[in-house]
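Worksheet: one structure, shown below.
The values are calculated or read from the model by the stated rules, or taken from the named source; none is laboratory data. Note that the structure is a prediction, hence the values are computed from the model and not measured. Glycine also receives a Cβ, built like all others from the backbone with ideal geometry; neighbour counts cover every protein chain displayed. Ligands, DNA and RNA are excluded from the accessible area calculation, which covers all protein heavy atoms including side chains. Shrake-Rupley method; radii C 1.70, N 1.55, O 1.52, S 1.80 Å.
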Amino acid sequence: MSARNPGTVFDREWISKVRVNTQAVLRRAQHIQGQKIPNKQWQTAWLLKAVTCIDLTTLSGDDTPSNVHRLCLKAIQPIRYDQLEKMDMHNKGITTAAVCVYPSRVADAVKSLKAANSNLPVASVATGFPAGQVPLETRLQEVRMAVADGATEIDIVINRTLALTGQWEAMYDEICQFREACGAAHMKTILAVGELGTFTNVYKASIVAMMAGSDFIKTSTGKEAVNATYPVAIVMARAIREYFLCTGHKVGFKPAGGIRTAQESLVWLTLIKEELGNEWLCPHLFRLGASSLLADIERQIYHYVTGQYAAFHELPMA
């Protein structure tokens, strides 16, 4: 992880001047999607890079200690050892970036990773995920409990009501309190972009979240009707770039929700490379929030190594 974002004081003038050219954003997104995707060994190299940026996630009502344990083992060895060996990548330490679970499952994940002698980070969603419609003190307590149980990354959700009604300073104050509750844990702030209405709101929310000390800004909970899209990612990436140019501090980006195919992961990597540069192409500054993406990446890597697609039973479950 990058050094913790120290945040900045709330700058009302900065927020009030934000304007987003919607048509320009849509054209840029179309251009990114039209970029030529690498093939053969180059594609496989990019897919392995994508694996190392995945927050392998389970956020289901039927989560149990056993399926969290299975998730952790998959995160430690995301690609079959024999496949990596054939590519001479078996000793490169390829794991996912983290595992992401509900607060009540953090202790299970920490226990499983410790038993496997892994220092892989455990991320926990918090602050009344996914809607955030619970009292502030309850949201803060949830953060503290997740940290106490061993989470080293906290994915918080913003209060969408404050964003939609233009109460940016109140939103800043809330996120600052979450930042304090996180302590040494890194904080990823989920904007729930599908519920913010406009690109201008997304840009403003991005800047406010970074001002308040977020280490990452994240598109979605994955529970909204609209989740991670390329246009909204461009808006958030431009906000990250502006914040970096103004403060010198790099904030990470995490798209989440609906990212399921290897092809999509390649487009996301292309977008980050073009908008923010190679420095952001690492798990310290870029994450992919996903639960089913890894399975498709595995199938593509298996095909590259063997020349055929794997049967369902040939790839270990996450």
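Does Gly258 meet the test of being open to solvent by less than 50 Å² (accessible area, probe 1.4 Å), out of contact with any helix residue (DSSP H, G or I) (no Cβ under 9 Å at 6 or more places or on another chain) and either modelled with pLDDT under 95 or in a helix (DSSP H, G or I) (or both)? In short, no. Looking at Tyr203, is it open to solvent by 20 Å² or more (accessible area, probe 1.4 Å), in contact with a helix residue (DSSP H, G or I) (Cβ under 7 Å, 6 or more places away or on another chain) and under 27 Å from Cys282 (Cβ atoms)? Judged against the criteria, Tyr203 is a match.
Looking at segment 209-219, is at least one residue open to solvent by 10 Å² or more (accessible area, probe 1.4 Å) and assigned to a loop (DSSP other than H, G, I, E, B)? So far as segment 209-219 goes, no, none of its residues is open to solvent by 10 Å² or more (accessible area, probe 1.4 Å) and assigned to a loop (DSSP other than H, G, I, E, B). Within segment 112-137, the set of residues being open to solvent by less than 30 Å² (accessible area, probe 1.4 Å) and either under 18 Å from the mean Cα position of the chain (by Cα) or closer than 16 Å to Val157 by Cβ (or both) comprises Leu120, Val122, Ala123, Ser124, Val125, Ala126, Thr127, Gly128, Phe129, Gly132. If you go through segment 177-198 and keep only what is hydrophobic (A, V, I, L, M, F, W, C) and open to solvent by 40 Å² or more (accessible area, probe 1.4 Å), you end up with just Ala184. For segment 275-305, the candidate set comprises residues that are over 28 Å from Val125 (Cβ atoms) and in contact (Cβ under 8 Å) with a residue 60 or more places away in the chain; within that set, the residue that is most open to solvent (accessible area, probe 1.4 Å) is Tyr304. Exactly one residue among Thr96, Thr57 is β-branched (Val, Ile, Thr), in contact with a strand residue (DSSP E or B) (Cβ under 9 Å, 6 or more places away or on another chain) and open to solvent by 10 Å² or more (accessible area, probe 1.4 Å), and that residue is Thr57.
Within the set Ala29, Ala24, Ala45, the sole residue that is under 22 Å from the mean Cα position of the chain (by Cα), without any contact (Cβ under 8 Å) to a residue 12 or more places away in the chain and either at negative phi or loosely packed, with under 10 Cβ neighbours inside 10 Å (or both) turns out to be Ala45. Within segment 236-255, being outside any loop (DSSP other than H, G, I, E, B) and open to solvent by less than 30 Å² (accessible area, probe 1.4 Å) holds for Met236, Ala237, Ala239, Ile240, Tyr243, Gly252, Phe253, Lys254. Test Ala151 against the stated conditions and say whether it is at pLDDT 95 or above and buried (at least 24 other Cβ atoms within 10 Å of the Cβ). Yes; evaluated as a whole, the condition is true for this residue.
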